[in-house]
Amino acid sequence: MMGLYPFKRNFMSMNKYVVRPAVDQDFQFCLNLHHKAYKVYVSVIWGWDEELQNKMFQDTFVTTGTWIVSLGEQDIGYYQLNEKVDNLHIRNFIIDQNYQGIGIGTSILKDLIETCKTKNQVIKLGVFKMNQRAMKLYRRLGFKVV
């Protein structure tokens, strides 16, 4: 990674979230959260095949560029970054549904946006069209559909 930093931010009273680089031991957490977040969308579009999803995740998951979001001692999300000179691609931006709506995702994205502005980078990401909650967040932060 070319200069992206872990973030610490205060929000909602004295709660703090921390973003840290993923390690090999985070694989199962990321797999479980990935499946929990995407199963509803993948099931509708292609049908859910647990064995296939496990294999695809295992074949593509790398700790490099993967960041774990924690609140206190609890891991609550992860996202993956692929940074190039002129852009940053965010993949699998997932906050556990039990921790959504309290500003964590917004804060992380705002930090990434500010970091990219200083580097003259654009941010790219993908989202399922059915995921209206995420689309609303991205639009509110200035992302455009292309």
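A few remarks follow.
- Any chance S107 is polar (S, T, N, Q) and either without any contact (Cβ under 8 Å) to a residue 12 or more places away in the chain or closer than 17 Å to L33 by Cβ (or both): no
- Filter result for P6 (modelled with pLDDT of 95 or more and either crowded, with 16+ Cβ neighbours inside 10 Å or of a type outside the set (K, R) (or both)): no
Yes or no, residue by residue, for (1) part of a strand (DSSP E or B); (2) free of Cβ contacts under 8 Å to residues at least 60 places away in the same chain; (3) exposed (fewer than 11 other Cβ atoms within 10 Å of the Cβ):
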| position | (1), (2), (3) |
| --- | --- |
| S43 | no, yes, no |
| W48 | no, yes, no |
| K55 | no, yes, no |
| Q58 | no, yes, yes |
| T64 | no, no, yes |
| I68 | yes, yes, no |
| I94 | yes, no, no |
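- Filter result for T63 (modelled with pLDDT under 95, hydroxyl-bearing (S, T, Y) and on the phi < 0 side of the Ramachandran plot): no
- Residue identified as closer than 18 Å to G126 by Cβ and modelled with pLDDT of 95 or more among Q58, Q53: Q53
- Test: residue in the stretch 103-113 that is surrounded by fewer than 11 Cβ atoms within 10 Å (Cβ to Cβ) and not β-branched (V, I, T): no
- Test result for G72, over 14 Å from the mean Cα position of the chain (by Cα), loosely packed, with under 15 Cβ neighbours inside 10 Å and within 12 Å of Y17 (Cβ to Cβ): yes
- Sole residue being within 15 Å of the chain's Cα centre (by Cα), part of a loop (DSSP other than H, G, I, E, B) and aliphatic (A, V, I, L, M), chosen from V127, V146: V127
- The residues of the stretch 128-146 that are over 19 Å from G103 (Cα atoms) and surrounded by 14 or more Cβ atoms within 10 Å (Cβ to Cβ) amount to a single one, F128.
- Residues located in the stretch 46-78, provided they are under 15 Å from D24 (Cα atoms) and not hydrophobic (A, V, I, L, M, F, W, C): Q58, D59, T60, T63, T64, G65, T66, D75, Y78
The values are calculated or read from the model by the stated rules, or taken from the named source; none is laboratory data. Quick caveat, the model's predicted, so the values are computed rather than measured. Backbone-built Cβ (ideal geometry, glycine too); neighbour counts: all protein chains shown.
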